[in-house]
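Written out below as structure tokens is the structure these notes cover.
The values are calculated or read from the model by the stated rules, or taken from the named source; none is laboratory data. None of the values given here were measured: they were computed from a predicted structure. Reconstructed Cβ throughout: ideal geometry from the backbone, glycine too, with neighbour counts over all protein chains shown.
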Amino acid sequence: MIELYYWTTPNGHKITIFLEEAGLDYKIFPVNISKGEQFNPDFLKISPNNRIPAIRDLAPEDGAGPLSVFESGAILEYLADKSGKFLPKAPRPRFKVLEWLYWQMGGLGPMAGQNHHFVQYAPERIPYAMERYVKETGRLYGVLNKQLDGRKYIAGAYSIADMACYPWIVPYERQQQKLEDFPHLRAWFQRMAARPAVKRAYEKAREINTAATVSEESRAVLFGQSAR
């Protein structure tokens, strides 16, 4: 059994997609980040960065009791190794997948996240910041589009790299991107959206979060954090 501490964000969707694809037994524990539930002391024990997602594996291979993992990329790698699915064992294909997983973690996610913030949520419109992150998002779409030329999935075979990237492309319109500008990416995006496990993952999200909006109160929780 995998306990998944989750909210309906791109990083959260990565893990539900994997769990649905792999058919692992799991239970979702919603962590409503708009209400500050990520600061619950029990949650911080397994996710000290106060971010979702996080997991607890109640039956890890070492048999030494529950094992917790935070950070979505680490969770995907852990679950792939645990299940033996969606991450090759041979070095060359394995590291091709990991290259693109880390590319998403270090590039696509952070840049699209800043895009979302300055275009959608910032209390004041800062043209320089908006242009900076919209353009960088577009550049990254271009990188992914080139990688997908002649490939069905990002690293060839379907993998955790696809699961990591897809949720960050779903809000492309909010990121001020046009998929028709990236034909190989668009074909992949449509292929991903049609997968039954991906559909199930997003249906779970709709069941859990029926009010996916940011209010002034939730804005202070999400964007007003300091070291204290």
In the stretch 51-85, residues that are buried (at least 20 other Cβ atoms within 10 Å of the Cβ) and either in a loop (DSSP other than H, G, I, E, B) or basic (Lys, Arg) (or both) total 2
Give the stretch 115-140 a look and list any residue that's in contact with a Phe, Trp or Tyr (Cβ under 7 Å, 6 or more places away or on another chain) and among the β-branched types (Val, Ile, Thr), or say none. ILE126
Restricting the search to the stretch 13-37, which residues are farther than 15 Å from SER72 by Cα and either assigned to a helix (DSSP H, G or I) or among the acidic types (Asp, Glu) (or both)? GLU20, GLU21, ALA22, ASP25, ILE33, SER34, LYS35, GLU37
The stretch 50-61 residues that are in the same structural domain as GLY12 (by TED's automatic domain parsing), paired with ones that are of a type in the set (Gly, Ala, Ser) (beta carbon under 6 Å, 6 or more apart): ILE52/GLY12; PRO53/GLY12; PRO53/SER72; ALA54/SER47; ARG56/SER68
Near pairs, Cβ below 6 angstrom, 6+ apart or cross-chain, from the stretch 170-189 (within 14 Å of ILE154 (Cβ to Cβ) and modelled with pLDDT of 95 or more) to any residue that is of a type in the set (D, E, K, R) and buried (at least 19 other Cβ atoms within 10 Å of the Cβ): none
Mind counting the residues in the stretch 111-130 that are loosely packed, with under 15 Cβ neighbours inside 10 Å and in a helix (DSSP H, G or I)? 4
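Of the residues GLY142, GLY156, GLY138, which single one is on the phi > 0 side of the Ramachandran plot and either surrounded by 13 or more Cβ atoms within 10 Å (Cβ to Cβ) or part of a helix (DSSP H, G or I) (or both)?
Numbers: GLY142 fails: on the phi > 0 side of the Ramachandran plot; GLY138 fails: on the phi > 0 side of the Ramachandran plot.
When all the criteria are applied, what remains is GLY156.
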Of (1) assigned by TED's automatic domain parsing to the domain that holds GLY36; (2) of a type outside the set (Val, Ile, Thr); (3) at pLDDT 95 or above, GLU216 satisfies every one except (3)
